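Right, one structure below, let's go through it.
The values are calculated or read from the model by the stated rules, or taken from the named source; none is laboratory data. Being a predicted model, the structure only gives us computed values, none of them experimental. Reconstructed Cβ throughout: ideal geometry from the backbone, glycine too, with neighbour counts over all protein chains shown.
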Amino acid sequence: MILGNKVTVFGGTGYIGREVVNALSKAGYQITVCVRRPERYREFALYANTKLATLSSYDNAQQLEAALKGASIVVNLNADRMNGTEMVAMDDLQHVNQKIKMAAEHAGVKRVLSLSQLGASSNQDANHYLHQLGEADALMFTVTNAKNTIFRTSLLIGQNDDTTQRFANQLNYAGMVMVANADTVVQPLWVRDFANALVASIKNEATFGKKIEVAGEERLTMKELAELVSDLMQKDAVVFPVCNLNARLMSTLGLPSVSKNQVVMLQNDMISDNDFETQFGFAPASLEWSISTYVVPHHIRERYHFFRKEAGRSPEELV
C-alpha cells in the first residue's frame with residue numbers, strides 16, 4: 001500500500017495529541033489538526049508542516065470534507081479525556097466516530113489509527129465508559145478500504161497529565177496525597193513513547209487490522225504510583241486511598257490530586273502481557289525517569305541524571 005504524506009488529526013489538542021502531532025511533525029508528515037476554535041490553538045504553528053482546520057461540528061459535512069481533502073491518513077484521538085473545550089462527550093463518541101468513518105470513506109483515506117483504552121469492549125455492560133469506547137472502536141475499525149489500527153493503552157503519563165502531575169501539584173503544597181481508585185493496577189507508559197510508537201506504526205504492516213494493547217513495563221497500583229511520585233520529589237508524604245463517593249465529591253470540588261477522569265477511567269485494571277519493545281522496536285523510558293523529567297525539582301533532577309550517567313545509561317535519555 002502506497003501512503004501519501006498528509007495526516008488529518010482529530011482530538012489532537014490534549015497532552016496526548018500534542019505529543020502525537022510533535023512526533024508526526026518530526027517524522028516529516030504534513031498535518032491538519034481539526035479544532036472548533038483555531039484562534040485558541042495558535043501555538044500549533046510551532047510544529048513544522050502543521051496547520052489548523054476549523055471543524056465547528058462533526059455534523060458539518062462540508063468542513064469535514066475540507067479537513068480530509070488530500071489526506072491518506074487519519075489519526076483519531078477523540079478518546080483522550082483531556083482535550084479541554086475540544087473534548088467529545090463520552091455519550092457522543094459513537095456519533096462522532098460514525099461521522100469520521102463516513103467522511104474518511106468518502107475521502108478515500110487509506111490508513112486509520114485510533115486511540116482507545118485497555119478493557120474497552122462493547123461487551124463491558126458493567127462499565128459505561130469502557131462500553132462506549134468499545135462501540136466507538138468498532139466503528140473506527142471498520143473504515144472501508146483502509147488499514148485500521150486501534151491502540152488500547154494503559155495509563156499514559158507525562159507533563160500536565162491527569163494523574164502524576166496532579167499528585168505532584170498536591171505534594172508541592174501539602175504533605176499528603178489522596179488517591180482515587182487506589183487499588184487499580186496500571187502499567188504506565190510515557191506519552192512520548194506512545195506517540196513515537198503510533199507514528200512508527202503508520203507504515204508498519206504488522207499493525208494493520210489490529211487492536212493493539214499498549215502498556216509500559218512496570219505494574220503498580222495507583223497508590224504505589226502516587227508513592228513513587230512522592231519518593232522522586234523527596235517528599236515525606238502520607239498517601240492514602242479515598243472511596244469512590246469521596247473521590248467524586250473531591251473531583252467536583254476541584255481538589256488537586258483527584259479528577260473526574262480518574263474516577264471514571266481507572267475503575268478497572270489496565271494491564272497487558274504484550275511487550276512494548278517487541279511490538280514497536282524500541283524500549284520505552286523507565287517509569288522513574290519519565291516521571292522525573294517533569295515532577296522532580298531541577299537541583300534534584302541534575303543529581304538524578306548524574307547517577308544515571310554513572311550507571312552508563314544512554315545520554316539521549318537525559319534530554
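Return yes or no: is GLU227 over 27 Å from GLY11 (Cα atoms) and at pLDDT 95 or above? Let's see the steps before the verdict.
Working: over 27 Å from GLY11 (Cα atoms): yes; at pLDDT 95 or above: yes.
So GLU227 fits the description; yes.
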- Item | Flag if TYR304 is part of a helix (DSSP H, G or I) and at pLDDT 90 or above | no
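Across region 184-197, what is the total count of residues that are out of contact with any Phe, Trp or Tyr (no Cβ under 6 Å at 6 or more places or on another chain) and not in a strand (DSSP E or B)?
Result for region 184-197: 9.
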- Number of the exception - ASN123 against (1) in contact with a Gly (Cβ under 9 Å, 6 or more places away or on another chain); (2) buried (at least 21 other Cβ atoms within 10 Å of the Cβ): (2)
- Going through region 247-272 in order, the residues found to be of a type outside the set (A, V, I, L, M) and in contact (Cβ under 8 Å) with a residue 60 or more places away in the chain are SER251, PRO256, SER257, SER259, ASN261, GLN262, GLN267, ASN268, ASP269, SER272
- Item | Candidates ALA126, ALA103, ALA120 - the one that is at pLDDT 95 or above, in a loop (DSSP other than H, G, I, E, B) and not polar (S, T, N, Q) | ALA120
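Restricting to region 246-288, name every residue that is assigned to a helix (DSSP H, G or I) and buried (at least 17 other Cβ atoms within 10 Å of the Cβ). Outline the logic, then answer.
Taking region 246-288 and keeping what is assigned to a helix (DSSP H, G or I), we get 246-253, 260-265, 276-280, 287-288.
Selection gives ALA247, MET250, SER251, ASN261, GLN262, VAL263, VAL264, MET265, PHE276, GLN279, PHE280, LEU287.
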- Message: Any residue at all in region 205-212 that's more than 20 Å from LEU156 (Cα to Cα), at pLDDT 95 or above, part of a helix (DSSP H, G or I) and hydrophobic (A, V, I, L, M, F, W, C)?
- Response: yes
